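*Asks:* Pasting a structure here, questions to come.
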Protein chains: 2
Amino acid sequence: MPRHLTVDFRSPTPSYRQLADQLRDLITSGEIGPGEALPSLNRMVQETGLSMSTVQRAVRVLLEEGLVYTVPGRGVYAGPRKP
Amino acid sequence: MPRHLTVDFRSPTPSYRQLADQLRDLITSGEIGPGEALPSLNRMVQETGLSMSTVQRAVRVLLEEGLVYTVPGRGVYAGPRKP
DNA sequence: GTGTATTTGTTCGTATGTATC
DNA sequence: CGATACATACGAACAAATACA
């Protein structure tokens, strides 16, 4: 079971990057394997206290890194998009 | 001198992507050479009628593609960030 | 089959912060 | 100092895809 997602508002590192870093760790550590779903954006909003906009920005970072793919109406998944 | 930036609101292609595509063309075509400044974000807002948020998102696309770099307080420049 | 809820996607407007000139 | 320019973050609205009772 995933550990709590948190951000430190006093850190000079932007919130979206802090969240992106944590999500990246979950994936590269194998805690969330390929094809497995990440927490929904709403859930990340709840856990972090960030706004939806900021959470989406964090996820977009991983999208561009190719670490996750998204399916509208479904969720965010680890690994490469499957055919 | 750069041609007018425009977006078609009836297109299914998102506005931020339309703008990003146009800016990319300006760079890859050499119309804006390495080290040269792109129009300021405010200027892009004026020319396109988009919101600042959307314009910034478009520029972020090019940033992640490594086609431009930004200098806060200065502007957006074509090419790789200089050492 | 028809809603209803959930989830991601796009866009806007605003506020505030930081850097440069 | 004041004006300009990019950076981060929020909240809201609406759309579209998906899932499910």
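The values are calculated or read from the model by the stated rules, or taken from the named source; none is laboratory data. Keep in mind it's a predicted model, so treat the numbers as computed, not measured. Virtual Cβ from ideal backbone geometry, glycine too; neighbours counted across all protein chains shown.
*Asks:* Look at region B:65-83 and say how many of its residues are under 17 Å from B:Asp25 (Cβ atoms) and within 14 Å of chain A (Cβ to nearest Cβ).
*Replies:* Of the residues in that region, 3 qualify.
*Asks:* Take the conditions more than 8 Å from DNA strand C (Cβ to nearest atom) and of a type outside the set (S, T, N, Q) and apply them to A:Arg74. Does it pass? Full working, then the answer.
*Replies:* Numbers: more than 8 Å from DNA strand C (Cβ to nearest atom): no; of a type outside the set (S, T, N, Q): yes.
No.
*Asks:* Does region A:24-63 hold any residues that are within 11 Å of DNA strand D (Cβ to nearest atom), in contact (Cβ under 8 Å) with a residue 24 or more places away in the chain and within 14 Å of chain B (Cβ to nearest Cβ), and which are they?
*Replies:* Once the filter is applied, which keeps residues that are within 11 Å of DNA strand D (Cβ to nearest atom), in contact (Cβ under 8 Å) with a residue 24 or more places away in the chain and within 14 Å of chain B (Cβ to nearest Cβ), region A:24-63 yields A:Thr54, A:Arg57, A:Ala58, A:Val61.
*Asks:* Could you identify the single residue in A:Arg10, A:Arg60, A:Arg43 that is closer than 21 Å to B:Arg60 by Cα and charged (D, E, K, R)?
*Replies:* A:Arg60
*Asks:* Now a separate question. Filter region A:64-80 for residues that are within 12 Å of DNA strand D (Cβ to nearest atom) and more than 19 Å from A:Arg17 (Cα to Cα) and give the result.
*Replies:* A:Val71, A:Pro72, A:Gly73, A:Arg74, A:Gly75
*Asks:* Same structure again: Here are some residues: A:Ser15, A:Ser51. Which one is modelled with pLDDT of 95 or more and exposed (fewer than 13 other Cβ atoms within 10 Å of the Cβ)?
*Replies:* It is A:Ser51.
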